Structure formats: structure tokens, C-alpha cells
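What follows is one structure encoded as C-alpha cells, with my remarks underneath.
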Amino acid sequence: MATLRFPSRRCLPHGASSFLTATQRKGLATAKPPSSLFAALDTFSDRHIGPDNAEAAYMLSKLGYNSMDAFVDEVVPSKIRIPTDAISDNVIGPLSEAELLRRARLLGAENKQYKSYIGMGYHNAVVPPVILRNIMENPAWYTQYTPYQAELAQGRLESLVNFQTMIMSLTSMDIANSSLLDEATAAAEAMVMALVASNYKKTLLPFLEPGQKDLEFSWLWVTLIFAGFFSITPDLDGQVKDFRGLTESVHAAKALVAVATDLLALALLKPPGEWGADIAFGNSARFGVPAGYGGPHAAFFAKMPGRIIGRSRDAHGLPAYRLALQTREQHIRREKATSNICTSQALLANMAAMYAVYHGPEGLRRISNKVHGLTQLLKEIVERFGYRAIHQHFFDTLMLDSLHSAAAKAGINLRIVDDKHVGVTLDESVGPIDFLRIVNAFAASVGAPISTAENLPTSNRSSAIPESIRRTSDYLPSSEMLRYIHHLQSKDLSLVHSMTPLGSCTMKLNSTSSMIPLTWPEFSAVHPFVPLEQVKGYSKIIGDLETYLCKVTGFHACSLQPNSGAAGEYAGLSVIRAYHESRGEGHRDICLIPVSAHGTNPASAMMAGLKVVPVKSLQDGSLDLVDLKEKAEKHSDNLAAFMVRLAEVHITYPSTFGVFEDGANLNAKIGLTNPATCGGDVCHMNLHKTFAIPHGGGGPGMGPICVAEHLAPFLPSHPIVPTGGERPIDAVSAAPWGSASILFISWAYIKMLGGQGLVDSSKIALLSANYMAHRLSGHYSLRYKNANGRVAHELLIDFAEFDKSAGLKVTDFAKRLQDYGFHPPTVSWPISTCMLIEPTESESLEEIDRFCDAMINIRHEAEEVMTGKQPRDNNVLKNAPHPMSVIALSEEEWKRFPIHVSRPLIPLPWLRERKFWPTVSRCDCPSVEESAHEDA
């Protein structure tokens, strides 16, 4: 009988096996011996943190340390350390994965399963199962990074082209982007776009003096910026209108027309592009994306701004998709940028695109006709009961003179307009039982007879859309599905293949246990504007997460509303401005920002109404404190804020002006230091970095802010569901808690790790980066170390020497890494000749070594170019990446390559067993980072 052989979990480097003991060997269960027979064997920290105790000891020994504490002491300065018990299991108790899912079930049961017909941009979407299982719940789609490396992202780029094509087709606009954060921020972008294109005019306006009646107005010459006209069709109350005449008048004044619209309605309505609108935007979520208590959802925007995918060509002249326009304007123009957009909602845009592909044009038309027909039938029936519809021309929404109480008793949420009117918005999820519940709720209010399925009319009704604004043009191509999804998936590298060591992006592994509850209807089918008593489960999760983030940052209060890091920057700076205004110091409008800061920092400051004064950096990458002091003193009378990365702050500033901490990445700081200890007044965090929300191929993300006590009153509120402080700034997102459903992921991540697990993650993130720096030293030039020769959770290596000696640029090394099955680190940022590398705590020692082996082997290949063994203009780096199609090249075609076929394709032995093949060769344009540095 054959003996079963179980492969070891990972192979340690030579000599490391001496660190292993029987209890330290770790498989799929917990490494530590259980404390009792009933102790959980699925503790999360042992699964999430890549290196086990033996591997960590080995890594420490290579760095010259005999304990983790000794190592951390030389990485994190003592003057910003916090007490060791500040974050512990006593502060945040851990749950096992099974315990977490049981807790999620209990909390989900506290969210009442009312059916909501509130509308206002949110609907009960029907997610086709093939999309739910193969995209939304599929890590090969949700763990991808933003497609800056086009050769590794052809699948999602093609899908995003489908999204853009869908938007262009339905709106009849000639260009569309690949999504924005939400409809509200898209509206803001539309207004900014109109303002930038506006003309200043002096205009005579009517002006009411105090005490004057409506017709007793005076006339006043005022200077206006007539930038544009904002319209909605269908509008909030469901009405559809003909805007052609108004559009002509606005255009005559040389202004722009922006319209918020509904994609499903556009299957029947004349599209904005056909009646002259300049900008069309809205929410694509009713195309197969759950409500999720507010998101995440992909906004669409026809005619910029944001990312636009285009078709280019690769080095062999074959078609290849790439980012034709990228949201990195901030890196070039910084405080002169007109937008701080830095991300999109790629995963949700892909779902919406696949929904359109799944249904095709006829399917969308049938859905649209069904929704409109049901709305007409509802109007017809309730008018028999004596109700009155306020508008006669509509698509899916009725405003009725009625009370809400009967609907609430029936488990139905309607939109409460005022004490005499309600709004009802129908969608494709409405079936016979749903429709009868709505009808009978209205009947009960007036004592009318109860309707049954047998006496409901089923024939189509005449359209309630005026003929002048009905759609007559065609839209959308059709396609097939499951194989198409998997075909696109196979083209893209994600965390299911290998580590993605992007510096500043924290591509840690995303646990399945934290993702599973997202698609449960208790969480996914909740409208963001339901009464708070219906969402007690969500409220507990939100309350817990706010508390945990305050403990982690050391601050007093938290807002989870911002939908991205850039939105968090804007929110934090706006809170600081509101604080100054409350003290009668609204003149404070200067924001000090290091020149090394991320480009969104100055762009966000500009959008918050601040003037940016740059602060120099020193040669070692640290902040120039002399320059900072000089500029703080120079602008002391008008200083509003100092905005800086947490890693750069080792000093405390007084709170006479706000210290904004860009704490986007807290991954190596939890339990070791925090922004409050470093002197901050407010910080933002990217939950899609430190707290494990997947990147989704370019979104979703979340950028909450935490603030000190004196800023808590100014945290953002919301016009529908009040949030924030007593003197809040206006909302910064469409929904009260932003993309609320994915807050669950970060909550689950924290709950399962517990306090000690969070601290251990920080320490291992530091250790992994320093171990990697140690392995690569002697092969590459390392920039920016502290006085002890240590880096933090990232390392920056410089490739300038290779450009001088061999004509090899950092991009050549990045593209060659693709041949080794790795997504390149962050390229050309923050320095144009550098790579910024971040391994995170969740990668095993085996994977870290595999990456280091690849980098070292590429260094040897570069040496061959430097010594003349390979030509400067025709070598394995310049020709990289090598897609699978090169295998089919003829012997004659292979002669143009300088070395044997096996070298470029299988450069290391382990690639024979596991290799990811790019599907195109190098695209023909420089990276956006390279372009930004060239143009700056």
C-alpha cells in the first residue's frame, strides 16, 4: 500500500530548519497548542500572518536580532511609542473564524428585512447568480489591483471597456469614464467641470430686501459665475421632463448642462446626448449591484473625469487595452489640479457591465418596460382607492398623497416626502406577491377591499412617458456569460496567483471569512435611508468599528462616511476649516504640505478652499524641519493646517492650527504608535489598505477620518440620516456611512485578529520589509533608512545606476518581473527612478524569498546587459514581458532574441510548475508615473 505524502506548508531557506520545533510547525490549523479540548482551532491571526514563529525567528536572526522587541525598538522611535497594553486582546478580544460568522448571523438578524421602495438612487437590484458567484464572490476578481500594469490586466480592462461602451450607448454621449465613487461626488465633479469651463458675467438679479413681499423686489447688479445648469431625469419625485428648450437657453449663455439620470430609464427615455446635455452621470447600481446600505456602487460619468480605458497596441503591434487617461492629474499639477479623484469603483463597474452583457439590449428593454408597466398599474389601482398621483409623466416613481403608516405595518418602506405625501419607486425585483403587498397597504389605509393575484390586470399599459422624450435609437451589443467571465479572469494576475508587493498600497491577503456575509440579504438588501430601528445590526457593526479605529489612532471620534482616501483627506481638511471658522478665524487658509506628499494631498487641500505652501524634504527622505519651522512662522497668522504622512512625523505641533495626518497606511503602526501620539488633530485611513478591504481591481475602498475631541463637533452629517457632530460639515458621500456594506470586512478583520493579532501584524509587516531589504542589499541601492539602517513596512530601491550604465530603466525591471509571475511594486513613485516595495504581514517567508530570488536573478540579467553579453536595445528586460504567444514564434523569429527561448520564458526552475503568463507584450506607452515626472 502506497504511503500518503503531505507536502510541507512551505520550504524554509537552507539553515532555517534548526528553528523549527514540533509545536512550531504550522499547517492549516492553529500553531499554538489549544488551551482546552473546546478551544477554537481556527484562530485567524495564525492563518492571516504569513511567517510563523520559526520563520520570524529565522528572519530576525538574519537581521542580527534575538527578539522581536529588540528589532522593533530600532525601527520605531521611542519618543512616539505608545504603551504596550494600549492595543491588546483585553482591549479588542479576538474571535475565531467560526465565531465571527456566528456573530455575523446574530447581527444580521437584527436588521429587519423590510422591502424598501424608497428610491432616491437606490434600488432592489437583482444580481444574476453567474455574476454573484463568479465576480462578486470571486477572489480572482476582487483581489486584483488597479490596472496600471496593463499586460497583467487585459481581462478587467476589457470588462471596463464594456462598462464605458454601455454608458456611452445608453446616454448617447461620445465618451465615458470607467466609474466614479458615487452619484453625489459625480455631481460635484460635474459642477467643478462646468465651473472650470465657465465665463464670468455681470448680471442683473432681483433682490428681496428684509420685509419686502414677493413682488416688491429691488434690482441689484451682481457678478455671477454662470457655470452650468444641473438637471435630473427622472427627478426625485419621479417626473420626466423635456429639457430641450432649457438646454438651448443654457447653451446660449455659453454654459454647460449636466444631468443626473437613470440607466434603466434610458432604455425608454430619449438619452441626454440626443437632447444636448454636456454631461450625464448617475448610479449604475441597479444594474446588478446590491444596495448594501449605501454601497459600494459605481457611479458613471459621460464626458470625464476619472479613468478612461482605451485600446492601444503592444510591442508586437497586437491590440492591447490600457489606461488611456488615468486619475493621476494630482501628481503633475498637485495644488493646481481641478479634482482630487484617485480611484474608481472597478469591481462594481465590472458587475454592472456584466449585467448589461448578460441581459443584452432586448433584456434591458424588457426589464425597463416591466418596471414602467408596474408603476403605471400601481397608479391606476391606487387612484381607484381615492389617492392622487402628483405627476402624470414618470418612469418608475410615483408621488402620492398618502400616509406611510399602513405600509410600515406591512413591512414596506416608502419614501416619506412630508406628512401628506409618500414616494413609491418600483424595480425589477417586484413580483406578484411584492406588488400585492404594496397595493393592499394602500387599500388598508382607506378601508378598500383587499386585492388578490386573480384580480390583478396583467396586460401592458400605455406609456406614461411623453412621446417627445421617448427613446427611438438602439443601444448595446449582446454576448454570452460564464465562459466569458472566466476567459477575462484568466488574463489577470491577482492575489490568487502571487504576492502583489505594491508600496503604499498594502495588498494583503483578504480572508474569505470576512467576505462571506457581504452577500447575505440581511446586509446586502438594505436601503441606506431606512429608519435606524430597522438596522440595529448594522448600527452595532458601525459603532464597533468607530470605536476600534479611535483606539488604533488614539483619537476621540470617527466618521466612516468618506468613500476613498482622497475623500477622507477632503473631509479632514474641511473639518479643520469649520473648526477655525467656529473660532472666528475663518481667514486661516494656508496648508503646509511636504513636496514628497501624495498628489491628492495638495489637490484635496485646494478643493477644501485652502492655499498650499510646500515644505521641502531632505536627501534622506525625511521632512526638512528647518523649512517647516520657517514657513509655519511666516504664515502663522493664516495657518490652517499642516498635512503630513504619519511616517514623517516624529515631533508634536501645537493645535493652534490643525495637524492633518495622512495615515492612509497604518499597517506597521498599530499598537506601536498612533497619529494622536505623533501630534495630529485628524487623520484619514484607507480601509482597503490596513484593514483588508480588497482593492477590487481599482475600487471599492473607504477613507474614514478620526479626529481629536475639539474637532468632533464638525464631523460630516447627512441630509437624510443625521450623522456626525453637533456642528457638522456637509456630507462628503451619497450615503450616510459611505459604502457601508464593506465596512463589515474591516470590522471582521479587526474582530478576528483581536488586539494582539493587530500588533503582531504590525511587527511582522516591519520584519518582512526589513528582511527583504536585507536580501536585496548588495544587489540594489536602498534609499531612505533610519539611523539604525532600518526601513519601516516599505523599502525604496533605486534603479538610476542601471539607466546610466546599461540604458535600463525602472520600468524594464518592472516588466521583467511579470515574466516571473509577480505584479511589479509601485513604479516611479515617489521618485521617478525607484520601486517602492511592501510585502505586508500576510505573505509567507517562502513567497518573500521567491520574490527576492526573482529580483536578484533580474539583477544578474541586467549585469549581462551592463557587460555587453546582451545588447542594450534587445535583451530580456527590454523585451519583457514575454506573453504565451511567443511560444508560437517561428525559429526564424526567435533568432532576433539574444538568448535561448527558455531564458526569457522560464528564468527560474519553479516557474516550470507555476507560471502566470501575460496575454500581451509590453504596451506602447510610458506609465503614468513616468509621464508625470517627465511633465512636472
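The values are calculated or read from the model by the stated rules, or taken from the named source; none is laboratory data. No experiment lies behind these values; they were computed from the predicted model shown. Cβ coordinates were reconstructed from backbone atoms using ideal geometry, including for glycine residues, and neighbour counts include every protein chain displayed. Side chains included, ligands, DNA and RNA excluded: accessible areas come from the protein's heavy atoms. Shrake-Rupley method; radii C 1.70, N 1.55, O 1.52, S 1.80 Å.
Miscellaneous remarks
- Net dipole in debye of the stretch 710-860 [+1 Lys, Arg Cβ; -1 Asp, Glu Cβ; about Cα centre; nearest 20]: 260 debye
- Helix-only mean residue ellipticity at 222 nm for the chain, each DSSP H run of n ≥ 4 adding -39500 (n - 2.57), per residue, nearest 500: -10000 deg cm²/dmol
- Inverse of mean 1/r across different Cα pairs in the stretch 328-480, Kirkwood, Å: 18.5 Å
- Per residue accessible area of the chain, 1.4 Å probe, in Å²: 40 Å²
- In the chain, the longest principal axis of the Cα atoms and the axis of helix 743-776 are about 30 degrees apart.
- Over 47 Å [Cα-Cα, the chain], rounded percent: 27 percent
- Using R0 = 51 Å, the C-beta based FRET efficiency linking Ile856 and Asp174 works out to 0.55.
- Length gained on full extension, Met884 to His710: 56.8 nm, using 0.36 nm per residue less the C-alpha separation.
- Dipole in debye (nearest 20) - the chain, about Cα centre, beta carbon charges: Lys, Arg +1; Asp, Glu -1: 1120 debye
- Which of Gln489, Ser582, Asn788, positive extreme of dipole for the chain (C-beta unit charges): Gln489
- For the cross-link pairs Lys629/Lys804; Lys491/Lys785; Lys112/Lys379; Lys79/Lys540, the ones whose C-alpha atoms lie over 31 Å apart are Lys629/Lys804; Lys491/Lys785; Lys79/Lys540.
- Per residue, the average separation of C-alpha pairs within less than 8 Å and at least 6 apart gives the stretch 826-885 a relative contact order of 14 percent.
- Signed unit charges on C-beta, dipole axis of the chain, positive-most listed residue His860, Pro449, Met304: His860
- Per-selection metrics, the stretch 470-514 (Cα): Rg and Dmax in Å: 18.1, 51
- Set of lysines near Lys254 by C-alpha distance (under 20 Å), chain-local residues within fewer than 8 positions excluded: Lys201, Lys202, Lys303
- The alpha-carbon positions of the stretch 471-629 define a convex hull whose volume is 295 Å³ per residue.
- Between 0 and 90 degrees, the angle of helix 154-171 with respect to the longest Cα principal axis of the chain falls at about 20 degrees.
- Between helix 346-384 and the chain: long-axis angle, C-alpha atoms, 0 to 90°, nearest 10: 20 degrees
- Phe38/Trp910 FRET efficiency (R0 45 Å; Cβ-Cβ; nearest 0.05): 0.65
- Carbon + sulfur, % of accessible area of the chain - ligands and nucleic acids excluded, 1.4 Å: 54 percent
- Using C-alpha pairs under 8 Å with a sequence gap of at least 6, the mean separation divided by the residue count of the stretch 690-849 gives a relative contact order of 17 percent.
- To the nearest 10, the accessible area of Ser498 is 10 Å² with a 1.4 Å probe.
- Multiplying the residue separation of Asp873 and Lys62 by 0.36 nm and removing their Cα-Cα distance gives an extension gain of 288.2 nm.
- Ranked packing of 772-781, 826-835, 403-412, most packed first, by mean Cβ within 10 Å: 826-835, 772-781, 403-412
- Where trypsin sites (Lys or Arg not before Pro) fall in DSSP loop in the stretch 232-294, at most 12 other Cβ within 10 Å: Lys254
- Relative contact order (percent, whole number), the chain, Cα cutoff 8 Å, 6+ residue spacing: 18 percent
- Among 624-632, 155-163, 534-542, the order from most to least packed when residues are scored by Cβ within 10 Å on average: 155-163, 534-542, 624-632
- With R₀ set to 35 Å, the beta-carbon distance separating Gln113 from Glu383 gives a calculated FRET efficiency near 0.75.
- Listed peptides 111-122, 864-875 appear in the order 111-122, 864-875 once ranked by packing, highest mean of other Cβ atoms within 10 Å at the front.
- Per residue, the convex hull spanned by the alpha carbons of the stretch 419-544 comes to 313 Å³.
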